[in-house]
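Q: What follows is a single structure, and I will ask about it in a moment.
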Amino acid sequence: MGLGAYLTLAAALFAIGLFGVITRRNTIGILLGIELMLNAVNINLVAFARFNADVVGMIFTVFTICITVAEVALGLAITILIFRIRRTVVADHLDLLKG
Amino acid sequence: MTLEAITFWALGAVLLASALMVVLTKNLFHSVLYLALSLTSTAGVFLALDAEFLAFIQLLLYAVGVTTIAVIAILVTERLVGARITQTSRHIVTGLIVSGALLAAVLGFLRGVPLPIERPPLAVDVTRAIGQVLLTEFVLPFELLAVLLLVGLLGALYFARPDE
């Protein structure tokens with residue numbers, strides 16, 4: 001399979017994740033959509049690294065995977081905190097900053 | 001059809017189907033389980049791209065770690081049994097238009113660019129090369145990453161601490 005097939009797969013995965021981010025009401029659901037999008041980016045990085053026979057792209061993938069895990073841990077901790085304060089995690093109800 | 005093509009299509013089908021289920025299923029808990037499936041099949045895609053080390057990192061950190069954290073967050077914020085777990089979607093038409101336009105744009109761009117079909121042979125063992133480059137050329141970002149993970153861990157603990 002050529003590079004284009006992997007990039008197409010990653011693009012489709014990214015679009016699905018974006019759809020999830022836009023349509024989900026629950027904050028945790030939105031975070032899951034962001035996960036899918038970051039996953040698509042990782043596939044792109046690894047595919048480009050492999051088809052250029054260069055490991056630097058794979059090292060970037062190590063970094064992005066670790067940063068994503070930290071981001072998810074923090075995001076879910078913030079979600080738990082918001083739930084404790086507002087008793088809801090539905091994004092439409094979290095409008096404290098709305099004028 | 002070669003073995004590689006069969007592997008790619010099978011993995012891609014599982015990956016896209018489970019990703020669709022993540023964003024479409026009503027039950028949030030099922031959504032997380034489908035996310036675990038799609039992350040695992042991403043590890044399979046990494047294996048198909050000769051990146052064994054990354055596949056195992058993906059399995060350990062992502063597929064197990066993220067899923068566990070997400071399930072715990074659901075446990076804390078929703079009730080697993082009962083009707084509270086269901087979630088609805090909004091702006092479905094907007095989401096379809098935006099993501100469809102993005103997909104069309106990327107695919108249109110990909111069609112216009114010459115992309116390599118054959119992958120060059122690997123001169124070295126990928127895992128060994130990753131380890132060597134990570135601890136020589138990229139040692140500073142690597143250490144910064146350790147600091148970032150520590151800060152993230154402490155921050156998450158601080159946010160989710162029990163009430164005094």
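The values are calculated or read from the model by the stated rules, or taken from the named source; none is laboratory data. These figures come from a predicted structure and were not determined experimentally. These accessible areas exclude ligands, DNA and RNA; they are computed on the full protein's heavy atoms, side chains included. Shrake-Rupley method; radii C 1.70, N 1.55, O 1.52, S 1.80 Å.
Q: Just the Cα atoms of the protein assembly as shown: what Rg and Dmax do they give in Å?
A: Values for the protein assembly as shown (Cα only, Rg and Dmax): 19.2, 63 Å.
Q: Still on this model: Show me you know the interface measure: the accessible area buried between B and A, both chains summed, probe 1.4 Å, in Å² to the nearest 100.
A: Between B and A, the summed buried area is about 6900 Å².
Q: Using only Cα positions of segment A:1-90, each an equal point scatterer, no hydration layer, compute I(q)/I(0) via Debye at q = 0.20, 0.25 Å⁻¹ and quote the log10 values to two decimals.
A: Relative scattering, expressed as log10 I(q)/I(0), comes to -0.93, -1.16.
Q: Leaving out ligands, DNA and RNA, and with a 1.4 Å probe, what % of the accessible surface on chain B is carbon or sulfur?
A: On chain B, the fraction of accessible area on carbon and sulfur atoms equals 75 percent.
Q: Stick to Cα atoms and the Kirkwood definition of Rh, then tell me Rg/Rh for segment B:1-130.
A: 1.05
Q: Quick check: at a probe of 1.4 Å, how many percent of the accessible area of chain A sits on carbon and sulfur atoms?
A: 70
Q: Which one, A:ARG25, A:ARG84, A:ARG50, has the greatest fluctuation when you compute a Gaussian network model over chain A with C-alpha springs under 10 angstrom?
A: Answer for the Gaussian network model of chain A: A:ARG84.
Q: Pick from A:GLY33, A:GLY17, A:GLY75: which residue has the top mean-square fluctuation in a GNM of chain A where Cα pairs under 10 Å get a spring?
A: Answer for the Gaussian network model of chain A: A:GLY75.
Q: Also: I need the semi-axes of the equivalent ellipsoid of segment A:27-74: take the C-alpha gyration tensor, multiply each eigenvalue by 5, square-root it, list largest first in whole angstrom.
A: 24, 11, 4
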